[in-house]
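Take a look at the structure set out below.
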Amino acid sequence: MPSQSVQRPSFLAGTFGEMIAEFFGTMVLILFGDGSVATFALFNNLPGTPPFANEWIVVILGWGLAVMLGIYVAGAISGAHLNPAVTLAQAVRGKFAWKKVLPYWLAQLVGAFMGAMIVYFVYHGAIMHTAGSQNIANAVGGVFYTAPKPFVGTFGAFCDEFVGSALLVGLIFAITDGRNQPVQANLNPFIIGLLIVAIGGSFGLNTGYAINPVRDFGPRLWIAIVSGGASLTSYTWIPIVAPLVGGIVGALIYDFTVGKVLIARGTDLSGDATINANAVREPDQETVQ
């Protein structure tokens, strides 16, 4: 009998492939997000700068679009967490393997770090012009990572990041729940992007709304390298811990309130929706006919 070769599955089909998706999705998020902040912060004192570039709406729209595009990059492969708070919350609620949490976190952190590095070199001239003789972290650190306003204390900053992250994670689970009037036709990323805009417009200015540990810590690490560690301050822990805790709370609130009601009512998937990598989609026409 002729020998039959056994085709082994590619290692890209497993966790490593998901890490690649999380890396690039998070990098895209930071490129567009920090890039929008650079437009807002580095050019607002230059002659001829359009007034619109000096408005907070540029930042919140930039981050909303950044998240949307990052999800489109990684959604079908990894579920596009792009945020350790989302990854941890999914694991806590039993919908994600704990053994994948650290690999996802690593991919997200490296992606955020690389995204910040690229933004730094693209805007290097503007950064140097703005910083002058000042330390880069003190002069333009806000382009890359968050910080509270001088009148916002530690408790207020923690609460702001906690509430924003709870809203983010809880509403992501509401939006992607196939039983709960889900967004279809692969529009989840767009709606989640609008969620980021809403959080930025409602809870953004106290701290700059990290609501994502690696969105803050990855760029902060890069600036630590070029600033002699000046970006690592006593505030560094808040945009890491508060989103992680807030994300868990937001997820559990959804699961034990609206989620329990949907279970009690025996609600099935809405319409013809299907769940694929945590993204709700309408089925292809071929599968309907």
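Rule-based calculations on the coordinates, nothing more; no lab input. Given the structure is predicted, the values throughout are model-derived calculations rather than measurements. Here Cβ is always computed from backbone atoms with ideal geometry, including for glycine, and neighbour counts include all displayed protein chains.
What area, in nm² and to one decimal, does the C-alpha convex hull of region 204-263 cast on average over all directions?
Numbers: hull surface 19.9 nm².
Orientation-averaged projected area of the Cα hull: 5.0 nm².
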What does the helix-only formula give at 222 nm for the chain: each DSSP H stretch with n ≥ 4 adding -39500 (n - 2.57), the total divided by the residues, and the result rounded to the nearest 500 deg cm²/dmol?
-20500 deg cm²/dmol
Fraction in percent of alpha-carbon pairs per bin - 10 Å, region 49-127
15, 37, 30, 14, 4
Starting from 0.36 nm per residue, how many nanometres of slack lie between Tyr235 and Gln134 once their C-alpha separation is accounted for?
34.3 nm
Quick numbers on region 130-240, Rg and Dmax over C-alpha atoms in Å, give 16.4, 56
Filter the trypsin sites (Lys or Arg not before Pro) in region 81-186 to those in DSSP coil with at most 14 other Cβ atoms within 10 Å of their Cβ, and list the result.
Lys95
Using the Cα gyration tensor of region 113-189, with a ≥ b ≥ c the square roots of its eigenvalues, what is the shape: rounded (a/c below 1.5), prolate (a/b larger than b/c) or oblate (neither)?
oblate
Among 123-133, 161-171, what's the highest-first ranking by average C-beta atoms within 10 angstrom per residue?
161-171, 123-133
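How do the peptides 82-92, 254-264, 223-233 rank, highest first, by the average count of neighbouring beta carbon atoms within 10 Å per residue?
Working: 82-92: 25.8, 254-264: 14.3, 223-233: 16.0.
Listed from highest to lowest mean packing, they are 82-92, 223-233, 254-264.
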Where the convex hull is taken over the Cα atoms of region 28-176, what is its projected area averaged over directions, in nm²?
10.6
Quick one: what are the phi-derived ³J(HN,Hα) couplings along region 206-214, Karplus 6.51/-1.76/1.60 with θ = phi - 60°, whole Hz, x for glycine and proline?
4, 10, x, 6, 5, 6, 6, x, 7
Considering the Cα positions of the chain, please state its Rg to one decimal place and its Dmax as a whole number of Å.
20.4, 80
Distance in nm between Ser202 and Ile20 label points, each 7 Å along Cα→Cβ, equals 3.8
